[in-house]
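Visitor: Below you'll find the structure I mean.
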Amino acid sequence: MTAAQMKAFHAFFMASFAEGLPLRELRLSAAELEYIAEYHPNAVVKPVVTREYADGKLWFEVSLRG
């Protein structure tokens, strides 16, 4: 992920949880999963749908309750 992509994903990720919601379903790429693992190590990420989309993304349930 480039620096610009990381910055954009960071903004998206933080906005996804801005309302204080601790649990979201997000469609994520492998690089985005790596970002979450690195910057939010207490996050719990579980696959929701195993069918991969053409862009390589999958649906995951992401919980920041840790």
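Quick note: the coordinates plus some simple rules give every number you see, no bench work behind them. All values reported here derive from a predicted model rather than from experimental measurement. When we count neighbours, we look across all protein chains shown, and the Cβ atoms used for this are built from the backbone with ideal geometry, even at glycine.
Visitor: Under the 0.36 nm per residue contour assumption, what length would be gained going from the current alpha-carbon distance of THR2 and ARG65 to full extension?
Guide: Fully extending the segment from THR2 to ARG65 adds 19.9 nm.
Visitor: Once you list every other residue whose beta carbon is under 14 Å from the beta carbon of LEU21, what net charge do they have if Lys and Arg are +1 and Asp and Glu are -1?
Guide: That sum, taken over residues with Cβ under 14 Å, equals -1.
Visitor: Starting from the Cα of TYR39, step 7 Å along the direction of its Cβ; do the same at ARG51; then give the gap between the two resulting points in nm.
Guide: 3.0
Visitor: Now a separate question. Send over the Kirkwood Rh of the chain, from the inverse of the averaged 1/r over different Cα pairs, rounded to one decimal Å.
Guide: Radius from the Kirkwood sum: 12.2 Å.
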